[in-house]
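Colleague: One structure, as structure tokens, below. Some questions next.
The values are calculated or read from the model by the stated rules, or taken from the named source; none is laboratory data. From a predicted model like this one, the values you see are computed outputs, not experimental measurements. Note that each Cβ is placed from the backbone with ideal geometry, even for glycine, and that neighbours are counted across all protein chains shown.
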Amino acid sequence: MTTLTYLNPIAAKIAEIIETKGWVQYKESDDEGHVCLMGAVNRLSPPDVPAGRLVSAIAAKGSQPRFNDSAGRTKDEVLAALAGVPGSLVLRGAYLHGAYLGGVNLRGADLRGADLRGADLHRAYLRGAYLTDADLRGAYLHLADLRGAYLTDADLRGAYLRGADLRGADLRGADLRGAYLTDADLRGADLTDADLTSADLSGANLTDADLSDADLTSADLSGASHSDNNHLAPKL
């Protein structure tokens, strides 16, 4: 039996839990205490859980449950995937489709070109993160902290950004068609050339946001606040 070497310390902790408790599919844990990949993550010490979500998503190359519960998957394959996580995470262009990353600290992370379609990033800390050209279609970003984030040309179609903090974010050229931005804080955000067709901006704070040449066709702006400094020259 080959002994695996874990380069990432959090990956090593997750693997140790699986080795100690045993592994299971289709549920977080069974009556004998065996755990799935996310079950092991949730049994880390509380301070390590958010990092564990990110590490497990890297190992699974996206959705942790989909990887763990794939037909024919084995415990050895799960452990090998964890062993393959590098000590220093490289997130640029990462495949994180459907990953569960709620509450993860990604401040200043380089996620340029990353595939985050359908990812759960609720309450994630993405302040100053680089998300240029990232694919965030259908991502769940409820109450996420995106202050000063770089989202130039990002694809946010259908993304759920209710209550998200986007103050000072760079959203130039971003595709926000059908995005849910209810009660989002967009103060000082740059939305130049952004496509907000059919976006829900009800209750959003757009004070001092730059909406030059933004497309607001059929967008819901009911209850949204704005100022005379909005550079409001949208395509309506």
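Colleague: Among the numbered conditions (1) touching a residue at least 24 places away in the same chain (Cβ under 8 Å); (2) closer than 26 Å to G118 by Cβ; (3) among the aliphatic types (A, V, I, L, M); (4) not assigned by TED's automatic domain parsing to the domain that holds A114, tell me where L96 comes up short.
Modeller: Just one mismatch for L96, condition (4).
Colleague: Kindly provide the set of residues from region 111-139 that are over 10 Å from Y150 (Cα atoms) and in a strand (DSSP E or B), ordered by number.
Modeller: D115, D120, Y125, D135
Colleague: Pull out all pairs, ordered by first then second residue, where Cβ-Cβ is under 7 Å, the residues are six or more apart or on different chains, the first lies in region 59-72 and is closer than 20 Å to L111 by Cβ, and the second is of a type in the set (V, I, T).
Modeller: Listed by first residue and then by second, the contacts come to A59/V85.
Residue-wise test of (1) closer than 19 Å to G108 by Cα; (2) among the polar types (S, T, N, Q); (3) in contact with a strand residue (DSSP E or B) (Cβ under 6 Å, 6 or more places away or on another chain).
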residue	(1), (2), (3)
A134	yes, no, no
G148	yes, no, no
G163	no, no, no
R167	yes, no, yes
D175	no, no, yes
D183	no, no, no
T197	no, yes, yes
D200	no, no, yes
A204	no, no, no
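Colleague: Something else: Counting only residues that are more than 20 Å from D220 (Cβ to Cβ) and either of a type in the set (V, I, T) or in a loop (DSSP other than H, G, I, E, B) (or both), how many does region 144-156 have?
Modeller: Here the count works out to 9.
Colleague: Still on this structure, I have one more. Just need a number here: residues in region 43-72 that are part of a loop (DSSP other than H, G, I, E, B) and surrounded by fewer than 16 Cβ atoms within 10 Å (Cβ to Cβ). Talk me through it step by step, then tell me what you get.
Modeller: Initial filter on region 43-72 (part of a loop (DSSP other than H, G, I, E, B)): 43-45, 61-63, 69-72.
Filter once more, so that each one left must be surrounded by fewer than 16 Cβ atoms within 10 Å (Cβ to Cβ): 45, 69-72.
Qualifying residue count, region 43-72: 5.
Colleague: Report the residue count in region 92-121 for those that are within 10 Å of the chain's Cα centre (by Cα) and of a type in the set (F, W, Y).
Modeller: Qualifying residue count for the region: 1.
Colleague: Mind checking whether some residue in region 21-41 is modelled with pLDDT of 95 or more, among the aromatic types (F, W, Y) and surrounded by 20 or more Cβ atoms within 10 Å (Cβ to Cβ)? If you could, list the steps in order and put the result at the bottom.
Modeller: The initial filter retains those residues of region 21-41 that are modelled with pLDDT of 95 or more, namely 21-41.
If we keep only those that are among the aromatic types (F, W, Y) as well, we get 23, 26.
Next, from what is left, pick out any that are surrounded by 20 or more Cβ atoms within 10 Å (Cβ to Cβ): 23.
Yes, some residue in region 21-41 is modelled with pLDDT of 95 or more, among the aromatic types (F, W, Y) and surrounded by 20 or more Cβ atoms within 10 Å (Cβ to Cβ).
Colleague: Being among the small types (G, A, S), out of contact with any His (no Cβ under 7 Å at 6 or more places or on another chain) and within 18 Å of L106 (Cα to Cα) is the requirement here; does A15 meet it? Please lay out each step first, then the result.
Modeller: Numbers: among the small types (G, A, S): yes; out of contact with any His (no Cβ under 7 Å at 6 or more places or on another chain): yes; within 18 Å of L106 (Cα to Cα): no.
Criteria not met by A15.
Colleague: Considering only region 157-164, I want to know if a residue exists there that is assigned to a loop (DSSP other than H, G, I, E, B), at pLDDT 95 or above and farther than 19 Å from G103 by Cα.
Modeller: Quick first cut of region 157-164, residues assigned to a loop (DSSP other than H, G, I, E, B) only: 157-159, 161-164.
Checking which are at pLDDT 95 or above leaves us with 157-159, 161-164.
Narrowing the set further to residues that are farther than 19 Å from G103 by Cα leaves 157-158.
Taking every residue of region 157-164 in turn, at least one turns out to be assigned to a loop (DSSP other than H, G, I, E, B), at pLDDT 95 or above and farther than 19 Å from G103 by Cα.
Colleague: In this structure, does A139 turn out to be surrounded by 24 or more Cβ atoms within 10 Å (Cβ to Cβ) and either over 29 Å from A99 (Cα atoms) or within 16 Å of the chain's Cα centre (by Cα) (or both)? Don't jump to the end; show me each part of the working.
Modeller: Numbers: surrounded by 24 or more Cβ atoms within 10 Å (Cβ to Cβ): yes; either over 29 Å from A99 (Cα atoms) or within 16 Å of the chain's Cα centre (by Cα) (or both): yes.
Here the answer is yes, as A139 does meet what is asked.
Colleague: Further question: Those residues that are surrounded by fewer than 21 Cβ atoms within 10 Å (Cβ to Cβ), of a type outside the set (A, V, I, L, M) and touching a helix residue (DSSP H, G or I) at 6+ places or on another chain (Cβ under 8 Å), I need them from region 1-12; list them, please. Can you show your working first?
Modeller: Of the residues in region 1-12, the ones surrounded by fewer than 21 Cβ atoms within 10 Å (Cβ to Cβ) are 1-7, 9, 12.
Filter once more, so that each one left must be of a type outside the set (A, V, I, L, M): 2-3, 5-6, 9.
Residues satisfying the conditions are T5, Y6.
Colleague: Go through region 73-94 and count every residue that is of a type in the set (A, V, I, L, M, F, W, C) and in a loop (DSSP other than H, G, I, E, B). Quick ask: steps written out before the conclusion?
Modeller: Initial filter on region 73-94 (of a type in the set (A, V, I, L, M, F, W, C)): 78-83, 85, 89-91, 94.
With the extra rule that they be in a loop (DSSP other than H, G, I, E, B), the set shrinks to 85, 89-91, 94.
Final tally of qualifying residues: 5.
Colleague: A follow-up question, please. Which of (1) of a type in the set (D, E, K, R); (2) touching an Asp or Glu at 6+ places or on another chain (Cβ under 7 Å); (3) modelled with pLDDT under 95 does D228 not meet, given it meets every other one?
Modeller: Going through (1) of a type in the set (D, E, K, R); (2) touching an Asp or Glu at 6+ places or on another chain (Cβ under 7 Å); (3) modelled with pLDDT under 95 one by one, D228 breaks only (2).
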